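Here it is: the structure, laid out below.
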Amino acid sequence: PESGDVQKPVSDSTRLDSVVETGTLKVCTTGDYRPFTYLDPDSGEWSGIDITMAKNLAETMGVEPEFIQTSWKDLMPDFLSKCDMAVGGVSISMERAQQAYYSEATLDEGKTPITLCENVEKYDTIKEINQPGVRSITPIGGTNEKFADANYPDGEIIRFEDNNKIFDEIIAGRADVMTTDASETRWVANEHPELCAVHPDKPFNFSQKAYLLPLGDDEFQEYVNQWLNMAKNDGTLAAAEKPWFG
Ligand SMILES: O=C(O)C(=O)C[C@]1(C(=O)O)C=C[C@@H](O)C=C1
């Protein structure tokens with residue numbers, strides 16, 4: 001370029017521009033998955049690690065975040081039609097990666113069981129859980145349901161709508177075990193003394209949390225990754241996690 005020329009971005013349309021122009025960062029999130037995303041039904045307040053992070057990202061762009069509630073089942077269609085990004089404990093899956101970019105990972109994870117403390121030894125392998133009569137409970141539409149379908153064909157799978165109340169089903173004896181993200185098992189076990197996380201340090205598989213971004217928008221992805229790298233190194237991410245993970 002000639003000196004004095006403003007360097008033009010490679011693509012002529014990026015979400016970075018439209019977000020700044022409209023003054024709003026539209027963020028799809030389920031609001032049902034603590035410690036990452038929670039919508040308080042009484043106060044209408046959003047909280048969670050990824051809510052705090054999205055607010056911080058919006059601040060760096062000089063815009064306001066608008067949280068748009070979705071469900072795990074409708075996460076992808078809602079994200080594609082209504083939002084600039086989707087956050088809230090979203091696992092990286094290759095299926096989703098066909099329709100969206102992901103940011104760099106925010107957390108390493110894996111699926112592990114959570115059950116009544118007295119049953120921790122009963123359900124510590126996939127083989128033990130994949131037995132006739134063992135009732136695995138799972139939320140609908142996310143990676144937990146996929147994991148249960150793939151690994152527990154011989155067990156009983158209970159599909160449950162309300163992820164905020166799902167752990168009460170185990171406490172009440174209507175389900176035996178749930179296999180979910182290790183971070184969630186830690187948080188839930190902390191909240192409910194009856195429930196124990198089964199080997200959260202040695203989960204059954206490996207997965208990662210990240211933010212969903214528009215497919216093909218390299219500039220927006222680059223911006224979010226730059227911000228995320230800073231947030232990981234300057235204490236922003238740690239500060240967002242602290243109230244939840246201690
Ligand atoms: O689908 C995802 O990416 C999620 O992390 C959501 C998911 C799931 O895997 O089903 C994870 C934990 C919650 O209990 C509810 C839903």
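Can you give me the relative contact order of the chain as a percent, contacts being Cα pairs under 8 Å and 6 or more apart?
In percent, rounded to a whole number, it is 26.
Would you mind checking Lys82/Lys232; Lys55/Lys122; Lys127/Lys232; Lys55/Lys202; Lys165/Lys209; Lys82/Lys209 for any pair whose Cα atoms are more than 30 angstrom apart?
Beyond 30 Å between Cα atoms: Lys55/Lys122; Lys127/Lys232; Lys55/Lys202.
Let me check I've understood the local charge: for Gln208, count other residues with C-beta under 11 angstrom from its C-beta, Lys and Arg +1, Asp and Glu -1. What total comes out?
Around Gln208, the charge tally is -3.
Still on this structure, please answer the following. Taking every DSSP beta bridge that has both residues in region 111-197, what percent is antiparallel when rounded to the nearest 5?
Roughly 55 percent of the beta bridges in region 111-197 run antiparallel, per DSSP.
What relative contact order, as a whole-number percentage, does region 111-197 give when Cα pairs under 8 Å and 6 or more residues apart are counted?
Answer for region 111-197 is 43 percent.
Under the rule of -39500 (n - 2.57) per DSSP H run of 4 or more residues, summed and divided by the residues of the chain, what mean residue ellipticity at 222 nm is obtained, to the nearest 500 deg cm²/dmol?
So the helix-based figure for the chain works out to -10000 deg cm²/dmol.
Taking +1 at the Cβ of each Lys and Arg and -1 at the Cβ of each Asp and Glu, which of Asn56, Phe147, Thr37 sits farthest along the dipole of the chain towards its positive end, judged by Cα position relative to the Cα centre?
Result: Phe147.
State, to one decimal in nm, how far the label point of Asn233 lies from the label point of Glu156, with both points 7 Å from Cα in the Cβ direction.
Taking the simple label geometry, Asn233 and Glu156 are separated by 5.3 nm.
Compute, for region 111-197, the length of the dipole vector about the Cα centre, with Cβ point charges of +1 (Lys, Arg) and -1 (Asp, Glu) only. Units Debye, rounded to 20.
Dipole magnitude for region 111-197 comes out near 140 debye.
Another one. Residue separation times 0.36 nm, minus the C-alpha to C-alpha distance between Ser18 and Asp74: what's the value?
17.8 nm
Report the full-extension gain for the segment Thr60 to Gln226: residue separation times 0.36 nm, less the Cα-Cα distance, to one decimal in nm.
The Thr60-Gln226 span can extend by a further 58.6 nm.
Under Stokes-Einstein, with the Kirkwood radius over Cα pairs standing in for Rh, what whole-number D in µm²/s applies to the chain at 10 °C and 1.306 mPa s?
The Stokes-Einstein estimate is 83 µm²/s.
Next up: Roughly to the nearest percent, how much of the accessible area of region 111-197 is carbon and sulfur, given a 1.4 Å probe?
47 percent
Which value, in Å², gives the accessible area per residue of the chain when a 1.4 Å probe is used on the protein heavy atoms?
50 Å²
Report, in cubic angstrom per residue, the convex hull volume of the C-alpha atoms of region 111-197.
Per-residue hull volume (Cα only) is 79 Å³.
The values are calculated or read from the model by the stated rules, or taken from the named source; none is laboratory data. Only a predicted model underlies this, so the values are computations on that prediction, with no experimental measurement involved. When we count neighbours, we look across all protein chains shown, and the Cβ atoms used for this are built from the backbone with ideal geometry, even at glycine. What goes into the accessible areas is simple: the full protein's heavy atoms, side chains included, and nothing from ligands, DNA or RNA. Shrake-Rupley method; radii C 1.70, N 1.55, O 1.52, S 1.80 Å.
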